[in-house]
Amino acid sequence: MRPQAAIGSAIAPGVGFWQGVPMTKFVTSLHSWMSAVSDIARAVNNAEPLDLILTRVADQACALIGFDFCAVMLADTERDRVRVAGWSGLTSNYISLVSDDHALMIHPLDRGLDSPAARAYREGCTITVADTHDAGIYGRLSRLAPAQGYRSLLASPLRSSEEVLGILVGYLERPHVFDSSDVELAELLAEQTAIAIHTAQLRAAQQEVIGELREQRTVLDWAEQQHSRLMQLVLDDMGLVGLVEALADILQASVTVEDAGAFVLASASDGSYVTPPGADTPRRSPAGRMPEPSRYEVVKVTGDDGEAWFAPVVLSGELVGRLWVTGSAHPPGPGQRRVIERFALVVGVEVLKRRHLVDVEERLSGDLMADLMRPDGVSQPRAVLDRAGALGHDLAVPHWLGLLALDHDDPVPGRFADLVRAAAGTDVPLLMGRYEDSLVLLLPAAVEPMPVFRRIHEQAALHAAPTPVSLIVSSYVAELGDYSHAYQLATGASRLRRLSERGGLVDLRALSVTSLLLISGTLPIQLQHFATTMIEPLQSYDARRNTDLVRTLRAWLNAGFSTVSAAEILVVHVNTVAYRLARIEALVQRDLRRSDTRLEIQLALHVWDVLTLDDVS
């Protein structure tokens, strides 16, 4: 091999030869080098793949320097090995050999695994081998050189400003002693190759950034479109439910909006609804399920049921609610997170509107209830009917009255209004207003009251726990002037129920008129003492002896004081009923043949039911 003259040396002016090389040959060589460098630069600027660029380099090395074969090798990310990234003239068999995990280790475990390429990388200088047959210090050559058919090689590091990127390796089929000009040419090409690699890497990084920016722009555009869609729904006054349904469709997931006390304001799903984490926990506090975020952004929450995403709803720095996204097939991307965060702001607007409307409605309904429940009756019936009509209710038709109260001295919390509305259902025409310390519920008589009131009581008890909650259902109210009396009856029953500290749903429709008068006109503590004195001895006797005295007494009273009819109801012998009645007389120390005793026991049973039963109806 006779390498072409080095480009980097000075040219003596006015001389026809340079280091014994005719100027015409030098100009031709310079032209070839400049053409090669330009070719590589164009490939880089055209963003060709790096392996194609390095293949060009290998081809140019063979053409410019005179190698029979050439390989451009790059270090892996761990800097453990160098691997062939571009080549010229090498066989696929040889490529497979040098791609073996132990072939070109940069720091081989022993001398027998070393190679000129690895050493050139380690030491950062050009390594030459004049004859592979005499290169005993490079154990790998004994296998690699015969496989490709070369006898000499030169390995020059691809050095950038900060590190060695790889190796340029040129091969000759014959033995050859590489002189300084050979080394200089190889190092010059290696330097240009390192610049090309570094430039290609920078360009690739730039293209990646540009791609990410374009993707972000696309994501932002999508998020803006969805935000505009949601804002249009706000302008169309679709309400919180409509907005939540739209967001569930956008995210293809379940969406839940709850207030700061974890009461659900609205929920929707594009498929099967998935509840937020810990949704079955009674009376969750605002921070009962997770710590509040320090920033108003989407937070991932991992629970037993999988992953969920949460965004706070904030008004004037106050946490007023939470937005949950659950049941999503994939974690929300940046655009979806942006939509969720913006939607949380929209929800804040809806919550503010809802608060305003609820405040106005509660004030109006509270004033209406105050007029309805006046002890001296309704003073302006026509005005009351008109005001009720403005709230969407016709009080000219009969209604059931329900009284929701806590079993302690505190008033019913304000958030119970939302809870009651949700539990009753949107299709139930329920008029609700706060009066004194309770919530008064009016339900048209055409609606079966107990299923509705039972749902309301269950939800109220769940969210008020451990404080007991009572819901008293009054008798039928047909006239405006009867609401005050019905309310007084319900209040009396509520106070009596409070003594038991059990809460519960109590249906006063099952009680007699005399019982109702007793409940409304007597102090609760006196009623409790009255019922306990009459019934508690029988209850205790049944508990100790496993008997049915209380049940027998009920059957006898319901049978019109007939021992025979009571025996038929209980499916026992008539003598058994007679024996039990005698035992009852002994325990209560009353003569059941007396009419006043029978009335007292019947009233005591009614009061006992109000005090003790879990669901009196």
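Out of 470, 475, one residue alone is under 24 Å from residue 608 (Cα atoms) and in contact with a Gly (Cβ under 6 Å, 6 or more places away or on another chain). It is 470.
Scanning the stretch 57-87 for residues that are surrounded by fewer than 18 Cβ atoms within 10 Å (Cβ to Cβ) and within 52 Å of the chain's Cα centre (by Cα), we see that the one that is nearest to residue 175 (Cα to Cα) is 83. The listed residues are 279, 246, 268, and the only one of them that is surrounded by 16 or more Cβ atoms within 10 Å (Cβ to Cβ) and modelled with pLDDT under 80 turns out to be 279. Beta carbons closer than 6 Å, at least 6 apart along the sequence or on distinct chains, pair a first residue in the stretch 540-554 that is on the phi < 0 side of the Ramachandran plot with a second that is of a type in the set (Ser, Thr, Tyr) and surrounded by 14 or more Cβ atoms within 10 Å (Cβ to Cβ) for 549/541. Taking the stretch 419-435 as the range and being of a type in the set (Lys, Arg) and either in a helix (DSSP H, G or I) or in contact with a Ser or Thr (Cβ under 7 Å, 6 or more places away or on another chain) (or both) as the test, only 421 passes. None of 471, 430, 505, 419 is crowded, with 19+ Cβ neighbours inside 10 Å, of a type outside the set (Phe, Trp, Tyr), modelled with pLDDT of 80 or more and over 26 Å from residue 605 (Cα atoms) except 430. Contact map, the stretch 43-66: first residue small (Gly, Ala, Ser), second residue open to solvent by 60 Å² or more (accessible area, probe 1.4 Å), Cβ cut-off under 7 Å, separation 6 or more or different chains; pairs are 43/52; 43/56; 47/203; 47/207; 58/87. Any residue at all in the stretch 143-150 that's without any contact (Cβ under 8 Å) to a residue 40 or more places away in the chain, open to solvent by 10 Å² or more (accessible area, probe 1.4 Å) and not polar (S, T, N, Q)? Within the stretch 143-150, one or more residues are without any contact (Cβ under 8 Å) to a residue 40 or more places away in the chain, open to solvent by 10 Å² or more (accessible area, probe 1.4 Å) and not polar (S, T, N, Q). Can you work out which of the residues in the stretch 326-368 that are charged (D, E, K, R), at pLDDT 75 or above and within 30 Å of residue 382 (Cα to Cα) is least open to solvent (accessible area, probe 1.4 Å)? Of everything passing the filter in the stretch 326-368, 367 is least open to solvent (accessible area, probe 1.4 Å).
Annotation note: of 106, 7, 40, 53, the sole residue that is closer than 26 Å to residue 200 by Cα, modelled with pLDDT under 90, open to solvent by 30 Å² or more (accessible area, probe 1.4 Å) and of a type in the set (Val, Ile, Thr) is 7. Given (1) more than 36 Å from the chain's Cα centre (by Cα); (2) farther than 22 Å from residue 480 by Cβ, identify the lone condition not met by residue 416. Condition (1) is where residue 416 drops out. Scanning the stretch 381-401 for residues that are in contact with a Pro (Cβ under 7 Å, 6 or more places away or on another chain) and part of a strand (DSSP E or B) returns 399, 400. Look through the stretch 489-501, keep the residues that are open to solvent by 40 Å² or more (accessible area, probe 1.4 Å) and in contact (Cβ under 8 Å) with a residue 60 or more places away in the chain, and return whichever of them is nearest to residue 437 (Cα to Cα). In this case the residue turns out to be 498. All told, residue 483 falls short of being open to solvent by less than 10 Å² (accessible area, probe 1.4 Å), part of a helix (DSSP H, G or I) and either farther than 13 Å from residue 400 by Cβ or touching a Phe, Trp or Tyr at 6+ places or on another chain (Cβ under 8 Å) (or both).
Taking the criterion of being outside any helix (DSSP H, G or I), open to solvent by 90 Å² or more (accessible area, probe 1.4 Å) and either closer than 21 Å to residue 537 by Cα or in contact (Cβ under 8 Å) with a residue 24 or more places away in the chain (or both), the only residue of the stretch 556-589 that qualifies is 589. Of all positions in the stretch 158-175, none carries a residue that is over 19 Å from residue 95 (Cα atoms), buried (at least 21 other Cβ atoms within 10 Å of the Cβ) and out of contact with any strand residue (DSSP E or B) (no Cβ under 7 Å at 6 or more places or on another chain). The C-beta contact set for the stretch 398-416 (first residue exposed (fewer than 15 other Cβ atoms within 10 Å of the Cβ), second residue modelled with pLDDT under 65, distance under 7 angstrom, 6+ apart or interchain) is empty. Restricting attention to the stretch 576-617 and to residues that are of a type in the set (Ser, Thr, Tyr) and touching a Leu at 6+ places or on another chain (Cβ under 9 Å), the residue that is modelled with the highest pLDDT turns out to be 576. Scanning the stretch 302-311 for residues that are over 10 Å from residue 253 (Cβ atoms) and open to solvent by less than 10 Å² (accessible area, probe 1.4 Å) yields 310, 311.
Please verify whether residue 153 is part of a strand (DSSP E or B), crowded, with 17+ Cβ neighbours inside 10 Å and of a type outside the set (Val, Ile, Thr), treating the condition exactly as stated. Judged against the criteria, residue 153 is a match.
Kindly indicate whether residue 77 is among the hydroxyl-bearing types (Ser, Thr, Tyr) and without any contact (Cβ under 8 Å) to a residue 12 or more places away in the chain. When the stated conditions are applied, residue 77 passes them. Looking only at the stretch 338-358, decide whether some residue is outside any helix (DSSP H, G or I) and closer than 29 Å to residue 260 by Cβ. No, the stretch 338-358 contains no residue that is outside any helix (DSSP H, G or I) and closer than 29 Å to residue 260 by Cβ. For the stretch 111-142, a tally of residues being free of Cβ contacts under 8 Å to residues at least 12 places away in the same chain and in a loop (DSSP other than H, G, I, E, B) returns 1.
The values are calculated or read from the model by the stated rules, or taken from the named source; none is laboratory data. Remember, predicted model here, so these are calculated numbers, not experimental data. Ideal geometry is used to build each Cβ from the backbone, glycine not excepted, and the neighbour counts take in all protein chains shown. Heavy atoms of the whole protein, side chains included, go into the accessibility calculation; ligands, DNA and RNA do not. Shrake-Rupley method; radii C 1.70, N 1.55, O 1.52, S 1.80 Å.
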